Amino acid sequence: MSKLTIADVSKIFSTTVAVDTFSLDVADGELVCLLGPSGSGKSTLLRMIGGFETPSSGSIRIDDEEVIHLPPEKRPTGMVFQSHALWTHMNVFQNLAFGLKLRRRPKAEIKERVEAVLDLVGLKGYGSRMTTQLSGGQQQRVALARSLVLEPKILLLDEPFASLDQHLRERLREEVRDIQQRLKITTLFVTHGQDEALALADRIVVMRDGRVEQVARPDMVYREPATPFVAGFIGTMNLIDGTVANGTFSRASFSVPLPVADGPATLAIRPEALSLTAGGQGIIHRVTDYGTHGLVDIDLPDGTRIKSMISDAKAFAAGQSVDLKPTAISAYRDNAVIYRTR
Amino acid sequence: MTTRPPSGRAQSRGLIGLLLVAVPVGLFAWMTVWPIISGLVQAFTPTQPNGTRPFSPANFVEFFSDPYSLSNLGVTLWTCLVTLGLLLVICIPLALYLRFAQGRLAAYVQTMAMFPMFVPSIILAFAFIRVLGPNGTVDLLLNAVGLPKIRSPYLTPWGPVIGLVWDNIPLTVLILVSGLGAVSNQAVEAARDVGARPLTLFWYIVLPRIWTSVAVVISFTMLGLFSAFTLPYVLGPASPEMMGPFMQRTFGDLRDPEMALTQATVTMLFCIAFGIFYVRAVARNRGK
Ligand SMILES: Nc1ncnc2c1ncn2[C@@H]1O[C@H](COP(=O)(O)OP(=O)(O)OP(=O)(O)O)[C@@H](O)[C@H]1O
Ligand SMILES: [Mg+2]
C-alpha cells in the first residue's frame, strides 16, 4: 500500500554531517533495518522521515508524495521511541485513544480499535492500567500499540527495545516481526545490534558516518559484505592487511594465493572458514570452549591476532603452533571487493 | 534474631539529634507560633474603655463593616488576581520557550528572565517612575514624535501590578521550567507524531504534567503578593491601598495596633488558604 522513497537526503548540524546524501527505496510492506555504529546517523535519518528534523537537502516521498514540508502531526508515519515516550498522566487506554480522539473518531470505534490493537500486542485487559504500573517491556508494547492503532503508512522504530534485557528483546522483536507481517506495514527499524537486524529484516542498510555502506538481504550482508567496514561490523571477521605480489597475498609469515593484480589488499576470513593444522607459524594464544564449538585465538609472529572456529575445542591447546588454511576468503582494495571465493 | 538494648552511645546520639532539632523548632515557636497566638488573642480581645479585655469579635465586625477596610481588601485581592493572571500569561510561554528552544537566543532570554531577581524592589520602583511615571522616558519619546502622553499607571492600582509582575517573573519562570523538566522530549514528540498540534499538545500533554508547578506558582505568588509592601507603597494609590501599606499605616501612623493586628489576621487567613492549596498540590503530586 505504501512505499517510501528517500533521495539524496543530507542533514548537517552546524558542523557535523549527520546524514550524507542518503538514498533508499523501501517497498510496500517491507521491513528494513538501519544498522550502524553509534553516531552513524540512524536516528537522524528516522527523525527526518518522521518530521522531527528538517533535511538540509534532498527529498522524502511517501507513495510518491513529497512530505518534507509537512510537520510530524501531518505525516502518515508512526514513530516508536526508545523510551520515556508514554504520557504518564494517562492510562493505557487513554494513551492509545489520544490520536484517534484528535481525529474525532466516534467513541465506539475508538474503543473497538484500541482493544483490537491491545490484543495484537498481547496486552488485552491492560487498558485501565497507569503506564507507570507497567514493566519496561509492557511500556514498549504500549508505545508500539499507540503507533499501530492509527494505522500509519510507515512505521518507524528507533531502537525500541534497546533498554530491555536480551531475552525480552528477542521475544519482542519476534512479535514485532509477526505483527509487521500480519499488517503488511512498511517499516523502518533502527538498531545497532547486528543480531537484531539479521533476525528481523527483509533488507539491511549498513550505515557509516551518515552514508550507506551496503544495502542487501541479511544473508548477503553476512556472506558477501561489500566493504571491509561491513565485513568487520557484521559478525566476527578476521581482517588482515597485507600486500599481493605475483598472485599471492602475504602478511608476515601468513600467505594465501590471491589471483588479483599486485598491490595492497585487505583479506577477510570468517573464523568458521579458517581451519587449523598442527605445526606452523601461528601460536595458539587461547582456546575457548563453547560446548557446541571452540574458538581459537592465534597470534602470528608479527603480533596479528586471528580467530578460528573449530568443531572440537579439545583438539588444540594454548601454546601449540598451528598452520592456517582458509577455505573461503574475500579481498578488498580501496574499499571495494576485488576477490571472493565462490 | 537477637535484639540488643540501645547502647549508651546510641542514646547520646539520639539526644544530640533531639537538641539539633530543638533549636529550629524552638526558634520557630518563639518567632512564629507565639506571635501568631499572641496576635490572635489580642485581635479577639479588644481593650474596653474601662481597661478590661473580654473576648469579642468586635474588631472583626469593625473591619468587615468599614467600607474603607473592605475596599483595601478588595484592591489587594484584585491586585493579586490580576498580577497572577498576567504572570501566568507571560511566564508560561516564556518557560515553554526556555524548555524547548535551543541555541544562543534561548540562553539570552533565560538571563533576561532571571535579571529582575537581582534588582531590589526599591530600585525597580524608581526605575518604573522614571520610565512610566509622568514625564518619564516613555512620555519623552512619545513627545519627541509628536504623540500625546500616556496615562501613567503610576499611583493607580496598575502601578503595583506592573511592578509586582516584573518582580515575580524570575521565580515563576524558574518554578515552571523545573516543572517542565518532567515532560520528556520523547513524550512531546510522540504526541506530535499522533497528530497533536501545538495548542492541543500544550493542553493535553504538557499542562497536566506541570499542574503542580502551576499550583506552586499560584500559592507562592499569592502569599508573596498579600504581604507585598515596597512596590504597593511606592507605586500604588494612597486610597484604596493594599493590605501591606494599610497595616503599616494603621500601626505606625494611626497608632492602632489592635486594628493593625485585626488586618494582619484577616490577611493571614487568606494566606493560610493559599498555604493549604500549596500543601495539597504538593501532597497530591507525592501521592502519584
Ligand atoms: N540535534 C543535534 N544537534 C547537533 N548534532 C546532532 C544532533 N542530533 C544528532 N547529532 C549528531 O549527528 C550524528 C548522528 O547522530 P544520530 O543520533 O543520528 O546517530 P545514531 O546512529 O542514531 O547513533 P546511536 O546509535 O548512538 O543512537 C552524531 O554525530 C550526533 O552527534
Ligand atoms: Mg540513535
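Here is how the numbers come out for the structure above:
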{"item": "Whichever residue in the range A:21-31 is more than 16 Å from ligand 2 (Cβ to nearest atom) and assigned to a strand (DSSP E or B) and, among such residues, is nearest to A:ILE234 (Cα to Cα)", "result": "A:LEU31"}
{"item": "Meets criteria (touching a strand residue (DSSP E or B) at 6+ places or on another chain (Cβ under 7 Å), farther than 14 Å from A:LEU120 by Cβ, of a type in the set (Ser, Thr, Tyr) and within 16 Å of ligand 2 (Cβ to nearest atom)) for A:THR186", "result": "no"}
{"item": "Verdict on A:GLU109 being acidic (Asp, Glu), in the same structural domain as A:LEU198 (by TED's automatic domain parsing) and modelled with pLDDT of 95 or more", "result": "yes"}
{"item": "Given (1) free of Cβ contacts under 8 Å to residues at least 40 places away in the same chain; (2) in a helix (DSSP H, G or I); (3) within 16 Å of ligand 2 (Cβ to nearest atom), number of the condition A:PHE161 does not satisfy", "result": "(2)"}
{"item": "Yes/no for A:GLY210 being more than 14 Å from chain B (Cβ to nearest Cβ), modelled with pLDDT under 95 and within 16 Å of ligand 1 (Cβ to nearest atom)", "result": "yes"}
{"item": "Strands (runs of 3 or more DSSP E) fully within the range A:235-342 counting 2 or more residues that are open to solvent by less than 30 Å² (accessible area, probe 1.4 Å)", "result": "A:238-245, A:254-257, A:263-269, A:274-289, A:294-299, A:305-310, A:321-326, A:330-333"}
{"item": "Among (1) under 30 Å from B:GLY133 (Cβ atoms); (2) open to solvent by 30 Å² or more (accessible area, probe 1.4 Å) - the single one B:ARG197 does not satisfy", "result": "(1)"}
{"item": "Total residues in the range B:157-186, condition among the aliphatic types (A, V, I, L, M), within 14 Å of another protein chain (Cβ to nearest Cβ) and open to solvent by 10 Å² or more (accessible area, probe 1.4 Å)", "result": "1"}
{"item": "Residue satisfying all of: in the range A:3-16; within 16 Å of ligand 2 (Cβ to nearest atom) and open to solvent by 50 Å² or more (accessible area, probe 1.4 Å); nearest to the other protein chains (Cβ to nearest Cβ) among these", "result": "A:PHE13"}
{"item": "Subset tally (residues that are surrounded by fewer than 22 Cβ atoms within 10 Å (Cβ to Cβ) and touching a helix residue (DSSP H, G or I) at 6+ places or on another chain (Cβ under 9 Å)) for the range A:181-195", "result": "6"}
{"item": "Matching residues in the range A:47-58 - criterion: being open to solvent by less than 20 Å² (accessible area, probe 1.4 Å), more than 13 Å from ligand 2 (Cβ to nearest atom) and over 18 Å from the mean Cα position of the chain (by Cα)", "result": "A:GLY51, A:PRO55"}
{"item": "Any hit, the range A:39-46, residues being open to solvent by 10 Å² or more (accessible area, probe 1.4 Å), assigned to a helix (DSSP H, G or I) and of a type in the set (Gly, Ala, Ser)", "result": "yes"}
{"item": "Unmet requirement for A:SER147, which otherwise passes all of (1) assigned to a helix (DSSP H, G or I); (2) closer than 24 Å to B:ASN185 by Cβ; (3) without any contact (Cβ under 8 Å) to a residue 40 or more places away in the chain; (4) within 13 Å of another protein chain (Cβ to nearest Cβ)", "result": "(3)"}
{"item": "The range A:31-58 residues that are farther than 18 Å from A:GLY78 by Cβ, paired with ones that are open to solvent by less than 20 Å² (accessible area, probe 1.4 Å) and near ligand 2 (Cβ under 9 Å from one of its atoms) (beta carbon under 6 Å, 6 or more apart)", "result": "A:GLY36/A:LYS42"}
{"item": "Members of the range A:282-324 found to be under 17 Å from A:ARG251 (Cβ atoms), at pLDDT below 90 and under 29 Å from the mean Cα position of the chain (by Cα), listed by number", "result": "A:THR304"}
{"item": "Any hit, the range A:220-227, residues being more than 14 Å from chain B (Cβ to nearest Cβ), without any contact (Cβ under 8 Å) to a residue 60 or more places away in the chain, in a helix (DSSP H, G or I) and not hydrophobic (A, V, I, L, M, F, W, C)", "result": "yes"}
{"item": "Flag if A:PRO257 is touching a residue at least 60 places away in the same chain (Cβ under 8 Å) and not assigned by TED's automatic domain parsing to the domain that holds A:PRO228", "result": "no"}
{"item": "Residues within the range A:113-138 that are within 12 Å of chain B (Cβ to nearest Cβ) and open to solvent by less than 60 Å² (accessible area, probe 1.4 Å), tallied", "result": "1"}
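The values are calculated or read from the model by the stated rules, or taken from the named source; none is laboratory data. Just so you know, these numbers come straight off a predicted model, no measurement behind them. Counting neighbours? That spans all protein chains shown, and the Cβs are built from the backbone with ideal geometry, glycine included. Protein only, heavy atoms only, side chains kept; ligands, DNA and RNA dropped before computing areas. Shrake-Rupley method; radii C 1.70, N 1.55, O 1.52, S 1.80 Å.
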